[in-house]
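Below is one structure, written out as structure tokens; comments come after it.
Values quoted throughout were computed directly from the atomic coordinates according to the rules given, and no laboratory measurement underlies them. All values derive from a computational prediction rather than experimental measurement. For neighbour counting, all protein chains shown are included, and Cβ atoms are generated from backbone atoms with ideal geometry for every residue, glycine included.
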Amino acid sequence: MDDIKNIQRRHFIQQAAVISAILPFGPGTLLAADRKRITKAIPVSGEKIPVIGMGSARTFDVGEDPARRAQLADVLQAFFDHGGNVIDSSPMYGRAEQVIGELLRKTRNTNSLFAATKVWTDGKQQGIEQMHRSMQRMGVEKFDLMQIHNLRDWKVHLETLRDWKSKGNIRYIGITTSHGRFHEELETILSNEQFDFVQLSYNINDRAVEQRLLPLAKERKIAVLVNRPFQKGELFKAVSGETLPDWAMEFDCQSWGQFFLKFVVSHPSVTCAIPATTKVKHMLDNMGAGLGQLPDAKMRKKMISHIEKI
């Protein structure tokens, strides 16, 4: 109990400081409380989820260091406090699943957790055993979404996932890639097999999936999770020293991070983006992208043009 109180107290102090820093309290400023949270529906069910979730690649793969664990607890608490519920992980991410599970027991969450992970191995039995371990590590009775990671042994795992879904062990079935070289194969798979979700890389500089995969997802009624929305941080390097354009406020955007995220989740086929971070201030900024308005098609073209000129 003391641990939880300490986490909450520390988070409140950090949150207050960060909000003061990132929200310019001036004329026309839209505070978080004044902006509506944006959700999108999962096509196969109509269930709505926030457009900003949380990834865990590299960020939650930490050891036993108390300071690093405490920092991640604050990040997770900030996520929940600002309406987040979609958390994505994978056995590929080292100790991420285990760390998330331990921190979930120490954080206060009034939202309905949407827990997603992946199967990343070869063979039917190995896949089953791995998924059971993931449940134990994250402390969930069943996953909302189980995904086949980077198409690995997908035919074998898809059969298992369909069986698990029919038995109520998982709610949704997905498949993922974070590599452009798999796009052609992924397109073939999605055209011939039914999935509830697909996860792929997409950002304002890497828009290859707009050509075929995103339209296909819309046609096949597949929800889309987006990884690498910041292109592994490269987008921030590109705009370093640049001032956010004034017209970004037209879609309730207050930072470059929100600019990049709002571009991603404003695509009609995209359901949710899952940026990863180890810092509370970045988590708060990310969650701000899920509030207010999103850019329309005309504004999206303006955003692309602006970035291309930098």
> aspartates and glutamates near Lys279 by alpha-carbon distance under 12 Å, same-chain residues fewer than 8 away left out - which ones?
Replying inline: Asp74
>> List the lysines whose Cα sits under 26 Å from the Cα of Lys302, skipping any in the same chain fewer than 8 residues away.
In response: Lys36, Lys40, Lys218, Lys232, Lys237, Lys262
>> Below 8 Å, C-alpha to C-alpha, sequence gap of six or more: please give me the relative contact order for the chain in percent.
In response: 21
>> I need Met131, Met249, Met299 ordered by Cβ neighbour count within 10 Å, fewest first.
In response: Met249, Met299, Met131
> Can you give the calculated 222 nm mean residue ellipticity of the chain, where each DSSP H run of n ≥ 4 adds -39,500 (n - 2.57) and the sum is split over every residue, rounded to the nearest 500 deg cm²/dmol?
Replying inline: -12500 deg cm²/dmol
> Do any trypsin sites (Lys or Arg not before Pro) in segment 109-213 lie in a loop, going by DSSP, with at most 12 other beta-carbon atoms within 10 Å of their beta carbon, and if so which?
Replying inline: Lys167
>> Using all alpha carbons of segment 48-195, what is the percent of pairwise distances in each 5 Å bin, ordered from the shortest bin to the longest?
In response: 2, 9, 19, 22, 19, 15, 9, 5, 1, 0
> For segment 2-309, what does the equivalent ellipsoid look like in terms of its semi-axes, each the square root of 5 times an eigenvalue of the Cα gyration tensor, given largest first in whole Å?
Replying inline: 30, 25, 16
> In a shell of Cβ-Cβ distance under 12 Å around Phe263, excluding Phe263 itself, what net charge do Lys and Arg (+1) and Asp and Glu (-1) give?
Replying inline: +2
> Over segment 191-266, what lengths in whole Å, largest first, do the semi-axes of the equivalent ellipsoid take, defined as the square roots of 5 times the eigenvalues of the alpha-carbon gyration tensor?
Replying inline: 28, 13, 9
> Which whole-number percent gives the relative contact order of segment 43-183, counting Cα pairs below 8 Å spaced six or more residues apart?
Replying inline: 20
> Looking at segment 166-216, which GluC sites (Glu not before Pro) are in a loop (DSSP not H, G, I, E or B) and have at most 15 other Cβ atoms within 10 Å?
Replying inline: Glu193
> If the convex hull of the alpha-carbon atoms of segment 114-162 is projected onto planes in all directions, what is the mean projected area in square nanometres?
Replying inline: 3.1
